[in-house]
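A.B. asks: Quick one: this structure, given as structure tokens, is what I'll be asking you about.
The values are calculated or read from the model by the stated rules, or taken from the named source; none is laboratory data. Since the structure is predicted, the reported quantities are computational estimates derived from the model, not experimental observations. Methodologically, a virtual Cβ is constructed for each residue, glycine included, from the backbone with ideal geometry; neighbour enumeration extends over all protein chains shown.
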Amino acid sequence: MIETERLILKPLTHDQLLKYIKDDHSLEKEFGLLPTKKNISPSLQEALEQTILPNVFDKDKDYLYHTLWTIISKPDNRMVGDICFVGEPDQNGEIEIGYGTYKEFRGKGFMTEAVGRIIDWAREQPKVKSIFAATTKDNVASYSILEKNNFIHIGEVDDMLSWKIELK
């Protein structure tokens, strides 16, 4: 678990991920939070089932790089979004992040703050040298978060933009 002044970023265990998927507010109850309306996109649902859950369950993998980290707003006492890494650092020390803010909490700076804190956490990890992210060209909110956190636009393919920040 890592924190900012307003946020708690909590990596979910396998059992907590199962509660997250159920979306019956049992996860919020476990954390002592108010219920939050999450909308798990089809792509996230697929990632959870095909990749995230099996990798978190695998004891040979560092689950912190495979699980969802829920983002909790301290003032609201609610989950406001999620952030994750797409696997452990590669041979060049690069990791990829993905993130999403629940609709009701967008535009409040939560994700900019969360991405900033996860960058700080990653900088402390010996094997991590850079972070990569991809956004669609039309998702201004998403790439604004990256720009505010000093990511550099490094390329584009079709409707996707690529971003990177060097840590070491």
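A.B. asks: Being surrounded by fewer than 16 Cβ atoms within 10 Å (Cβ to Cβ), under 16 Å from the mean Cα position of the chain (by Cα) and farther than 21 Å from Pro126 by Cα is the filter here; which residues of region 60-77 pass it?
C.D. replies: Result: no residue meets the conditions.
A.B. asks: Still on this structure: Identify all residues within region 127-145 that are over 19 Å from Gly93 (Cα atoms), in contact with a strand residue (DSSP E or B) (Cβ under 8 Å, 6 or more places away or on another chain) and either among the charged types (D, E, K, R) or surrounded by 19 or more Cβ atoms within 10 Å (Cβ to Cβ) (or both); write none if there are none.
C.D. replies: If the condition is that a residue be over 19 Å from Gly93 (Cα atoms), in contact with a strand residue (DSSP E or B) (Cβ under 8 Å, 6 or more places away or on another chain) and either among the charged types (D, E, K, R) or surrounded by 19 or more Cβ atoms within 10 Å (Cβ to Cβ) (or both), then Thr135, Lys137, Ser142, Tyr143, Ile145 are the ones that fit.
A.B. asks: Any chance you could count how many residues in region 1-17 are assigned to a helix (DSSP H, G or I) and more than 16 Å from Cys84 (Cβ to Cβ)?
C.D. replies: Result for region 1-17: 1.
A.B. asks: Residues of region 20-59 being over 16 Å from the mean Cα position of the chain (by Cα), under 18 Å from Asn77 (Cα atoms) and assigned to a helix (DSSP H, G or I), which ones?
C.D. replies: Within region 20-59, Ser26, Leu27, Glu28, Lys29, Glu30, Phe31 meet the criteria.
A.B. asks: When Thr13 is evaluated against the numbered criteria (1) in contact (Cβ under 8 Å) with a residue 40 or more places away in the chain; (2) closer than 24 Å to Pro126 by Cα; (3) surrounded by fewer than 19 Cβ atoms within 10 Å (Cβ to Cβ); (4) touching an Asp or Glu at 6+ places or on another chain (Cβ under 8 Å), which criterion, by number, is the only one it fails?
C.D. replies: (4)
A.B. asks: For region 75-85, does any single residue satisfy the condition of being modelled with pLDDT of 95 or more, of a type in the set (Val, Ile, Thr) and more than 26 Å from Ser144 (Cα to Cα)? Let's see the steps before the verdict.
C.D. replies: So the first thing to find is which residues in region 75-85 are modelled with pLDDT of 95 or more, and the list is 75-85.
Narrowing the set further to residues that are of a type in the set (Val, Ile, Thr) leaves 80, 83.
When the remaining residues are screened for being more than 26 Å from Ser144 (Cα to Cα), the result is none.
Within region 75-85, not a single residue is modelled with pLDDT of 95 or more, of a type in the set (Val, Ile, Thr) and more than 26 Å from Ser144 (Cα to Cα).
A.B. asks: I've got another one for you. If you go through region 21-33 one residue at a time, do you hit one that is of a type in the set (A, V, I, L, M) and surrounded by fewer than 19 Cβ atoms within 10 Å (Cβ to Cβ)? If you could, list the steps in order and put the result at the bottom.
C.D. replies: From region 21-33, those of a type in the set (A, V, I, L, M) are 21, 27, 33; that's our starting set.
From what is left, the residues that are surrounded by fewer than 19 Cβ atoms within 10 Å (Cβ to Cβ) are 21, 33.
Yes, some residue in region 21-33 is of a type in the set (A, V, I, L, M) and surrounded by fewer than 19 Cβ atoms within 10 Å (Cβ to Cβ).
A.B. asks: Out of the residues in region 81-138 meeting the condition of being free of Cβ contacts under 8 Å to residues at least 40 places away in the same chain and among the hydroxyl-bearing types (Ser, Thr, Tyr), tell me which one is farthest from Ile21 (Cα to Cα).
C.D. replies: The residue in question is Ser130.
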